[in-house]
1. Can HIS92 be described as of a type outside the set (A, V, I, L, M, F, W, C) and more than 12 Å from the chain's Cα centre (by Cα)?
2. Of the residues in segment 118-140, how many are in contact (Cβ under 8 Å) with a residue 40 or more places away in the chain, more than 24 Å from GLU18 (Cα to Cα) and open to solvent by 30 Å² or more (accessible area, probe 1.4 Å)?
3. If a residue has to be in a loop (DSSP other than H, G, I, E, B) and either free of Cβ contacts under 8 Å to residues at least 24 places away in the same chain or out of contact with any helix residue (DSSP H, G or I) (no Cβ under 7 Å at 6 or more places or on another chain) (or both) to count, how many in segment 10-36 make the cut?
4. Report yes if some residue within segment 96-110 is of a type in the set (Lys, Arg), open to solvent by 60 Å² or more (accessible area, probe 1.4 Å) and under 18 Å from GLY31 (Cβ atoms); otherwise report no.
5. Please list, ordered by residue number, the helices (runs of 4 or more DSSP H) wholly in segment 45-119 having 2 or more residues that are in contact with a Phe, Trp or Tyr (Cβ under 6 Å, 6 or more places away or on another chain), at pLDDT 95 or above and more than 18 Å from ALA135 (Cα to Cα).
6. For LEU78, which of the numbered conditions (1) touching a residue at least 40 places away in the same chain (Cβ under 8 Å); (2) buried (at least 19 other Cβ atoms within 10 Å of the Cβ) fails to hold?
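The values are calculated or read from the model by the stated rules, or taken from the named source; none is laboratory data. Only a predicted model underlies this, so the values are computations on that prediction, with no experimental measurement involved. We place every Cβ from the backbone using ideal geometry, glycine too, and count neighbours over all the protein chains shown. All accessible areas refer to the heavy atoms of the entire protein, side chains included, with ligands and DNA or RNA removed. Shrake-Rupley method; radii C 1.70, N 1.55, O 1.52, S 1.80 Å.
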Amino acid sequence: MSIETFGDLRGWFRERLETALGRRQLQAGEGTRAYLVDLLARVGLGQENDALSRPLALQLAEARAAERAERVRLYRALGDDAHDLRGFCTDHLDHRGITTEYVSTLGETAYGQAGDLTLGSASEIYRELARKFEAFADAL
């Protein structure tokens, strides 16, 4: 048994992401790939993860009620939390009687709203995350 060492957690996740996307023949833009790598690295480092502590429906209500400038951040955070739950915590969801479809719908909605509220490449990244939410969660 060998132990791999990586000085760069993002590099390690980039390799794993490329492998997972390739196995599933899943296309993703470069910006979306970078976003997913960053999301995985934040999870790996234990940063910004409220996914298990705050109900997604509450996060959605807060995002909808927020001022426009804050809405994008809240929708993005909701999408990220839904992605974490859908991709990594299905046993937790099953235990609580929450369907993966429900979580996927909230994630798709959140990223879609973030895409509608932003311009340029960020908008395209959020829209791709929304369109392929389940496929990305399954791949990861």
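1. When the stated conditions are applied, HIS92 passes them.
2. Counting residues in segment 118-140 that are in contact (Cβ under 8 Å) with a residue 40 or more places away in the chain, more than 24 Å from GLU18 (Cα to Cα) and open to solvent by 30 Å² or more (accessible area, probe 1.4 Å) gives 0.
3. Residues in segment 10-36 being in a loop (DSSP other than H, G, I, E, B) and either free of Cβ contacts under 8 Å to residues at least 24 places away in the same chain or out of contact with any helix residue (DSSP H, G or I) (no Cβ under 7 Å at 6 or more places or on another chain) (or both): 2 in total.
4. No, segment 96-110 has no match at all.
5. Correct list: 100-117.
6. So the condition that LEU78 fails would be (1).
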